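Chemist: Please see the structure below; I have some questions.
The values are calculated or read from the model by the stated rules, or taken from the named source; none is laboratory data. Because the structure is predicted, anything quoted here is derived from the model rather than measured. Heads up, the Cβs are rebuilt from the backbone with ideal geometry, glycines too, and the neighbour counts pull from every protein chain shown. Each accessible area value is taken on the protein alone, full model and side chains, heavy atoms only, with ligands, DNA and RNA left out. Shrake-Rupley method; radii C 1.70, N 1.55, O 1.52, S 1.80 Å.
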Amino acid sequence: RPVEHGKWTVALERAGTRRRASGRREVEADRVKPGIHPNVLCQEIAEYLDSSSTLILDSFVGSTHMTDKFEAKYPGHVLDAGLYMSLGHSIGMAIGAQVARPGRQVLSLIGDGGFGISGMDMETMVRYGLPCVVVLLNNASWGGRGWAHDLYYPRRKGTGDRSRIRYDRMFEAVGCHVEH
């Protein structure tokens, strides 16, 4: 016999509405924290991108904060490398997305670890005139461990000792428009 999904669907819609409201409150609370909190950064990105954009996720922390703020509406709207926390893929994917869909917004959210692996591909974007935005989330950690480092390794030096690297200056030299 047919299964009635009406009550379940209504319960899911209500839960989703409550979660979105809670998420908005969390973003507003994070706006007053020093620096740019990844939760706020991801909300701003989600609001900035238009409906024909491609968003590429390449940051453990960034992906964690982005998933409840941006919903894929068509194949290729959100790209990532899948499971197992791959990193360094998004700049190449951004190049491919811009070639496949010229003139559309392409934004890569990449962590500093992935950027260390593939950052020089930014020069390829410049050389071929491929307009892509790369947002570097520089939290000086691998796999999100920076936020919990002291919890797991209380006697070791923290991972946050490389965060002052000025990636913007490095890529201004190859012709990128940069912001810090």
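Chemist: Go through (1) open to solvent by 30 Å² or more (accessible area, probe 1.4 Å); (2) under 13 Å from the mean Cα position of the chain (by Cα); (3) within 27 Å of residue 26 (Cβ to Cβ) and name the single condition residue 50 misses.
Modeler: Tallying (1) open to solvent by 30 Å² or more (accessible area, probe 1.4 Å); (2) under 13 Å from the mean Cα position of the chain (by Cα); (3) within 27 Å of residue 26 (Cβ to Cβ), residue 50 fails exactly one: (2).
Chemist: Let me ask something else about it. If you go through the range 106-124 one residue at a time, how many are in a strand (DSSP E or B) and among the polar types (S, T, N, Q)?
Modeler: Qualifying residue count for the region: 1.
Chemist: Residue 30 fails exactly one of the following numbered conditions: (1) under 30 Å from residue 164 (Cβ atoms); (2) in contact (Cβ under 8 Å) with a residue 24 or more places away in the chain; (3) not aliphatic (A, V, I, L, M). What is the number of that condition?
Modeler: All conditions are met except number (2).
Chemist: Given (1) in a helix (DSSP H, G or I); (2) crowded, with 20+ Cβ neighbours inside 10 Å, identify the lone condition not met by residue 29.
Modeler: With respect to (1) in a helix (DSSP H, G or I); (2) crowded, with 20+ Cβ neighbours inside 10 Å, residue 29 is out only on (2).
Chemist: A follow-up question, please. Filter the range 69-90 for residues that are open to solvent by less than 10 Å² (accessible area, probe 1.4 Å) and either modelled with pLDDT under 90 or over 12 Å from the mean Cα position of the chain (by Cα) (or both) and give the result.
Modeler: Residue satisfying the conditions is 77 alone.
Chemist: Given 62, 76, which one is within 29 Å of residue 89 (Cβ to Cβ) and part of a loop (DSSP other than H, G, I, E, B)?
Modeler: 76
Chemist: Which condition from (1) crowded, with 16+ Cβ neighbours inside 10 Å; (2) at pLDDT 95 or above is the one that residue 37 breaks?
Modeler: All conditions are met except number (2).
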